[in-house]
Amino acid sequence: MSRGQILDEDISASSQWSDSTAAKYGRLDCEEGDGAWCPEIAGEPENINEFLQIDLRSLHFITLVGTQGRHAGGIGNEFAQTYKIKYSRDGSRWISWRNRQGKEVIEANRNAYDIVLKDLEPPIIARFIRFMPVIDHSMNVCMRVELYGCEWLDGLVSYNSPVGQQMTLNGQYIYLNDSVYDGAMSNSMTEGLGQLTDGMCGLDDFTHSHVYNVWPGYDYVGWTNESFSNGYVEIMFEFDRTRNFTTMKVHCNNMFSRRVKTFQKVVCYFRSESDWEATPISFSPVMDDVNPSARFVTVSLYNHMASAIKCQYYFSDIWMMFSEITFQSGDDPTHKVDDSNTRILIGCLVAIIFILVAIIVIILWRQVWQKMLEKVSRRMLDDELTASLSIQSETFTYNNNSPSSVPSEQETSSTYERIFPLGPDYQEPSRLVRKLPEFSQTSEDTASTNTSSKSPPVSVQEGVPHYAEADIVNLQGVTGGNTYAVPALTMDLLSGKDVAVEEFPRKLLTFKEKLGEGQFGEVSSQIKNNSLHL
């Protein structure tokens with residue numbers, strides 16, 4: 001309960017005082033909600049049957065329980081002083097727990113915060129457990145509970161057998177009945193479990209017991225052959241489902257000096273569906289007339305598949321006494337476990353995988369399609385640029401013979417038609433380099449001076465060095481156009497002339513300021529020492 005192994009939906013109650021005191025808050029040592037489960041008490045105490053119910057989902061062997069009141073950080077003071085326990089293996093037939101002396105009421109808490117543990121003797125084999133506080137008018141009741149035990153691996157839900165009998169030994173009565181059997185009892189015991197499954201093996205001397213303050217013979221269930229004309233005792237065992245049985249172990253008393261021995265032979269029949277198998281198995285243990293100690297007799301069941309077993313134990317002396325019977329079994333390999341949740345989980349995983357695969361395919365398809373579009377766009381751009389540049393190079397002329405030969409601003413500002421968007425990828429600049437137009441070489445002209453009229457445009461002389469003036473050239477790039485003042489020396493370089501540039505000694509320069517830096521180094525302004533000669 002406190003560890004959360006039992007889910008909230010497996011905890012229920014007959015009533016609740018409020019939503020904050022619901023059944024799910026009845027976990028030991030838990031302070032959630034208002035700190036505990038509190039029932040809504042109405043009516044007379046003797047007619048009240050409030051309970052907190054726990055569904056363990058399968059049969060469990062419960063040996064210890066714990067209870068606690070509602071402390072709620074010091075503001076609560078409700079607890080149960082006594083309570084009862086009811087249990088069920090099928091959810092329909094409820095059984096009141098009693099200790100080995102037959103007492104039902106269990107002493108519980110004396111304050112709201114201490115944990116009180118109670119050993120269950122005999123232990124409970126059940127799936128459903130109910131805690132039922134004993135209520136009076138003196139105080140309100142709240143509970144937090146815990147269960148301690150393990151899963152019941154035997155799978156045995158009931159055994160049917162003749163009732164145990166009474167022996168007289170040296171004037172003393174030895175009661176060999178099943179005192180904790182929780183089924184119906186008359187001439188036989190049906191639909192219940194008892195001392196043969198309580199986990200306690202009897203002593204060598206059957207007149208003594210592990211349990212304090214009980215009658216002689218308490219640990220054993222025994223029969224005399226005088227009551228069975230056929231010479232055997234028949235016990236039928238019912239299980240929760242069809243199982244694959246390997247062995248059966250029977251703890252027997254062998255105090256042969258008191259005419260008590262282990263069984264001489266056992267014959268077992270198996271039922272898997274509705275009919276008993278026609279062929280039983282038989283086993284005869286080795287009889288021991290030397291060692292009087294009690295012992296387990298192991299019977300091989302040869303992996304028989306069954307949901308019920310009926311065994312006939314034959315007498316080898318006057319008395320036969322059993323204290324414990326256990327079965328070892330595995331699951332039926334043909335048994336289909338309810339895997340609906342597993343199927344749902346697998347279906348969800350498959351759907352998620354398909355969605356992820358579809359997303360990946362769409363992404364890859366878009367990338368491939370985008371690359372194809374880029375290739376087509378580049379090819380179209382190359383074709384248009386080639387055609388445009390060819391036309392411009394053919395119509396671009398440079399004539400210095402007349403003023404009309406000077407190209408207009410519109411002609412020198414021609415651009416690259418259109419730039420197609422190429423997506424996020426970077427366009428290689430090398431693919432868009434414009435070829436500079438070739439200039440026609442003309443003879444040198446001489447300008448004449450006329451004071452009575454305006455001077456005509458001055459023609460450009462070839463080979464004349466420029467110092468204070470620069471040709472204005474409109475350079476068009478991929479990202480737009482810019483107008484730069486290009487020195488004549490640069491124009492000579494661009495026009496293809498061979499110009500020898502003399503290297504100036506750096507030791508004659510004095511650093512003035514840094515202009516910037518780029519991919520090919522640093523650009524700075526420097527002054528020549530002494531005087532400036534050009």
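Coordinate-derived values only; no laboratory data. Computed from a predicted structure; not experimentally measured. So basically every Cβ, Gly included, is an ideal-geometry build from the backbone, and we count neighbours across all protein chains shown.
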Amide H of M189: which non-local residues (sequence gap of 5 or more, or other chain) have their own amide H closer than 5 Å, using H built in the peptide plane?
-> S161, V163
For labels at Y175 and D90 in the simple 7 Å Cα→Cβ model, what's the distance in nm?
-> 2.9
Computed over segment 8-151: relative contact order in percent, which uses C-alpha pairs under 8 Å that are six or more apart | 32
First measure r as the distance between the Cβ atoms of T190 and I281, then evaluate 1/(1 + (r/R0)^6) with R0 = 22 Å and state the FRET efficiency to the nearest 0.05.
-> 0.35
Starting at the first residue of segment 521-526, write each ³J(HN,Hα) from the Karplus equation 6.51 cos²θ - 1.76 cosθ + 1.60 with θ = phi - 60°, in whole Hz, x for Gly and Pro.
-> x, 10, 10, 9, 9, 10
With labels modelled as points extended 7 Å from the Cα through the Cβ direction, what inter-label distance (nm, one decimal) is found for L364 paired with Q264?
-> 8.0
Sum of side-chain charges, I115 neighbourhood, beta-carbon under 11 Å (Lys, Arg +1; Asp, Glu -1) = -1
Rounded Å value of the spacing that divides the Cα centres of segment 46-90 and segment 182-235 | 31
Could you pull out the pairs from K86/K118; K103/K310; K24/K86; K86/K249; K103/K261 whose alpha carbons sit more than 23 Å apart here?
-> K103/K310; K86/K249; K103/K261
For H60, other-chain or 5+-apart residues with amide H closer than 5 Å (H placed, Pro excluded) are A126, R127, W152
Alpha-carbon centroid distance for the pair segment 1-40 / segment 301-315, whole angstrom = 43
Would you calculate the separation in nanometres between label points at V523 and C348, each defined as 7 Å from the Cα along the Cα-to-beta-carbon direction?
-> 6.5
